[in-house]
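Just so it is clear, none of the values below were taken in a lab; they were calculated from the coordinates. The shown structure was predicted, so the numbers you read here are calculated from the model rather than taken from an experiment. Positions of Cβ are backbone-derived with ideal geometry, glycine not excepted, and every protein chain shown enters the neighbour counts.
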Amino acid sequence: MANSFICKVLTPQGQVVKIKMTENDKIECLKKLKRNGMTPISIKHSLSKFKSLEKGTAKIYSKRKNVKKNNIIIQLSNRVSTQEIKVFTQDFYMLKKSNFTSEHALKTIISNTKNLELKRVLNIMLKSIQKGIPLYKTMEEYKNIFPLEYTYLIKMGELTGKLEVSLEYVIKYLDNEEKLKSRINKILIPNIIMFLCIIILTFSAILIGIPLLKNIFMINGSINIPKGILVISNILSKVFKYWYIIVLLIASIIVIFIKFINSDEGKYRFDKFICTNILFGKIIYFLNFSRILSSLEINLKNKMRLQDALDISKNVIKNTYILNTLEKSANNIYIGKSWIEPLEENLSPIIIELLKKGSKNNLIEVIEKVIEYINIEIENEMNRLLKILPEISYGIVGISILIFVITVLLPCIQIYLSGFLFS
């Protein structure tokens, strides 16, 4: 009769992990672990009471899901974080390197997964594998959990039979994305909060202060109401009176903009603006191009032709402006022209010359160097933003103070001096 065991083992990579196994006895577990290159530390029976507890927890969870819609239960565990995906990928990579099948590796990881949503998705992936459906097919259905490039790299690994290599790239990709997001958040979030606070305070001062000042001037008939206050007061009165027209106008502009960017031409122009704007354009372009180069490197290592590798690498991004450039590059190869020529518009001469040199010699090695260079460029752009954003913030603060002085402070001084300075 088969029994369930919890085995604590040392992997060939030097990591200590727990694996759930179903065998007749401990000796069978030991033999299987040694065949897979693992060093057993301890083997314990998985007690039946833990199973009953697990079933009880599952029942409670299913009952919670069936609660009426008006009784909403918020479960933080239903959100799958990037860190949890990273841990899953590392565990999956380690088990695959230890010659586990994808099915066995997933079963092992599922038993150790605490996040209910991730566990549910992994179970779906397991059932799909058992039916002969590849992993990436299931991942494509959960884009909110598995990013586009993540799924694509897994797809390449499964189709070429080099899943371990792809998983290694995925881990590097997640590490880089996590570091970059953390850096961008540190730069953007404080500045955005400051911008919003300044705008809210400025408008609040105008909305509250101008009507109040106008009433004070009207009470004190000996002082003429300044023209600035009269103009702003009239504008505010029109805004309050016809607020619904303004709301409809803003809503119409938003709807028109959404329709525009959903059209082919509109999306292309919007994507081009994203990649060419002075503030963030260079970073966004480099990030997308770095992903393309990473994918291109994998494809070339899998002995693909350059034109096929370029065509497939387009799947890792959605920006139509960059996609259009890649299509031109692939087409140039077919007609006997340089595939690098369409890239010259947005890349520095150093990158272009490196790619040209790589096309003649070893392109894979050169791509690795170009990725390193682009990462340095991204870092330099981040440092540039760190200098520019505070300057923009100071400029907005200065404009806000100027507006406050003209609209509020000067009229207050006029009232206080009873028109002596301004008569």
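Rounded to the nearest whole Hz, the Karplus-based 3J(HN,Hα) values (6.51 cos²θ - 1.76 cosθ + 1.60, θ = phi - 60°) of region 383-397 follow the sequence 5, 5, 5, 4, 7, 6, 4, x, 5, 5, 4, 4, x, 5, 4, with x at glycine and proline. Here the spin labels are modelled as points 7 Å beyond Cα on the Cα-Cβ line, and at T82 and K143 they lie 1.9 nm apart. Near M304, no amide H atom lies under 5 Å from its own; only residues 5 or more places off or on other chains count, and H is placed 1.01 Å from N.
Applying 1/(1 + (r/R0)^6) with r as the Cβ-Cβ distance of L30 and E103 and R0 = 30 angstrom yields a FRET efficiency of 0.85. In the structure shown, the pairs K241/K272; K238/K267; K131/K179; K131/K259; K179/K318; K31/K301 are assessed against 31 Å; a Cα-Cα span above that value is assigned to K241/K272; K238/K267; K131/K179; K131/K259; K31/K301.
Put a dot 7 Å past each Cα toward the Cβ at N361 and E178; how far apart are the dots in nm? My value for the distance between the label points is 3.6 nm.
Ignoring aspartates and glutamates fewer than eight residues from K127 along the same chain, the ones with Cα atoms less than 15 angstrom from its Cα are E103, E141.
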